[in-house]
1. Test residue 442 against the stated conditions and say whether it is acidic (Asp, Glu), modelled with pLDDT of 95 or more and open to solvent by 50 Å² or more (accessible area, probe 1.4 Å).
2. Suppose we filter region 256-275 for residues that are open to solvent by 10 Å² or more (accessible area, probe 1.4 Å) and not in a loop (DSSP other than H, G, I, E, B); how many remain?
3. Can you give me the ranges of the helices (runs of 4 or more DSSP H) entirely in region 354-425 with at least 3 residues that are without any contact (Cβ under 8 Å) to a residue 12 or more places away in the chain and open to solvent by 70 Å² or more (accessible area, probe 1.4 Å)?
4. Could you check residue 239 against (1) assigned to a helix (DSSP H, G or I); (2) of a type outside the set (D, E, K, R); (3) modelled with pLDDT under 95 and say which number it fails?
5. I'm trying to understand the selection: among the residues of region 426-439, which are buried (at least 17 other Cβ atoms within 10 Å of the Cβ), over 16 Å from residue 352 (Cβ atoms) and in contact (Cβ under 8 Å) with a residue 60 or more places away in the chain?
6. Return the total of residues in region 242-267 being touching an Asp or Glu at 6+ places or on another chain (Cβ under 6 Å) and free of Cβ contacts under 8 Å to residues at least 60 places away in the same chain.
7. Condition first: crowded, with 18+ Cβ neighbours inside 10 Å and touching a residue at least 40 places away in the same chain (Cβ under 8 Å). Now tell me which residues in region 110-136 satisfy that.
8. When you look at residue 325, is it farther than 13 Å from residue 429 by Cα and either touching a strand residue (DSSP E or B) at 6+ places or on another chain (Cβ under 8 Å) or at pLDDT below 95 (or both), yes or no?
Amino acid sequence: MMIKDRSLRRDPDLRGELAFLAKGCDFVLPSRFKKRLKSFQQAQVQNKQDKKPVTPSLTPTNSTITPQSLLSTNKETVGAPLSINIPTFYFPYGLPNICNNHDEIITKVEAAFSEFEDKKVPYNEMGKIIKICGCPLYWKAPMFNASGGEQTGFVSVHSFVAMWRKILHNCHDDASKFICLLAKPNCNYLEQEDFIPILQDIVETHPGLTFLKDAPEFHSRYITTVIQRIFYIVNRSWSRKISLIELKKSNFLQTLALLEEEEDINQITDYFSYEHFYVIYCKFWELDTDHDLYINQSDLARYNDQALSSRIIERIFTGAVLRGSQEQKENQMSYADFVWFLISEEDKRCLTSIEYWFRCMDLDGDGTLSMYELEYFYEEQCERMESMGIEPLPFHDLLCQMLDLVKPEYEGRITLRDLKRCRMAHVFYNTFFNLEKYLDNEQRDPFAVQKDVENDSPEPSDWDRYAAEEYEILVAEESGSVQLQEGSFEDDYETDELLSMSEIGEKSDNLVISHLSA
């Protein structure tokens, strides 16, 4: 049927129907209809524009400013450059304090240098200069080295003033000053070897470590332990480089300042405790039978009487948590890596430990724990329980318990965020690869477990409790073995009751050294 032009113009319904069809079916209509419909649509648009009211002038006659006028003005001036002065709001190196009089500090420093011969200060006198600068005492080693003292053995007033004036000009908080002093040139982060000078100074001068002067072979072991503990807590990115932001978020600088006030270094359980070092090193020494400071999978399997499953041990040695270690040998774990392992194993509540074991259990590295991965680790747990005569819980029932425990955000997979949020990550991990702790948890009162979750009061961490208990056991064992060897156990026991607390502490320290040297 052919439609004439006159009927197309006179029938508005037909025109509307054809216009609707032309929107999605242009390929169906003949070309002459498309041309006519296009002209019709253009006419409709033109008619609508003609019916719009005339817009008022952009310049209002009164002082009232409406949103519409602002919008139209902004459209016209969008290309014009803005002359708004936005004040600086980001200060990565601290907020500059205009009240600080740097010249007055420099004058006091110069006056202190004038008291020494040729205005040159040796290392053992740097503490006086450090206190004038308002810094903690144990900053003296990096400040001494930054002023050129490492090469000459002393610091001149000119080199120190130039160094300190530059730091005061560029750095305005303790964290930025600390990184500027310790970091390598052109680096804005700290690596592990950057901490060696400051920790060596602590070993040599802190009153709580005087007994180590007779055992210099253990200086490097203690320093290695402290460095690993610093990076375990502070380096949240696992990059092996402590950034300025990570240092600011941690309590390391505050803890370092406490060393000046506390003579008993064991009271500072974060990072520097010698008792904690003793526990870690003794545990490693028991596993390292050839004493080459490396252990393999079979050595680690003996930890805590075969408590860990072989599958989780294999994952540790695949590089899931040891990757990037410069000291790592193939299928070997260094002492530095063992520090991370032991803290993670004994304190599965801390964030780094949760991340540590999540990396081990994430077999495919996709950032989630699938039901297949959970079943893979639980299979060995079932085999071990059956060999002990214990009937294991079927995986389906156990999975329901774990999902109720973690309450994952997404069905069918558990993320790292889920484990950090649920506050029961230690129970979750022990279920899948630590049989001893899993059975202990199964025998606990469920109300006691819930009480632990709801308890927000500041208490010693699981690691602090473990280290304190193990230290007492190790010292008691060593003390007993020494007394038995001397054949005077009863006499020494009666004598120890009369010793003061300081004498007991000195005796235990000597026993520690003798045990480590054995």
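The values are calculated or read from the model by the stated rules, or taken from the named source; none is laboratory data. Because the structure is predicted, anything quoted here is derived from the model rather than measured. Backbone-built Cβ (ideal geometry, glycine too); neighbour counts: all protein chains shown. Note: areas computed on protein heavy atoms with side chains; ligands, DNA, RNA excluded. Shrake-Rupley method; radii C 1.70, N 1.55, O 1.52, S 1.80 Å.
1. It is false that residue 442 is acidic (Asp, Glu), modelled with pLDDT of 95 or more and open to solvent by 50 Å² or more (accessible area, probe 1.4 Å).
2. Result for region 256-275: 5.
3. Result: 371-387, 395-406.
4. All conditions pass for residue 239, except number (1).
5. 430, 432, 433, 434, 435, 437
6. Total satisfying the criteria: 2.
7. 113, 135, 136
8. yes
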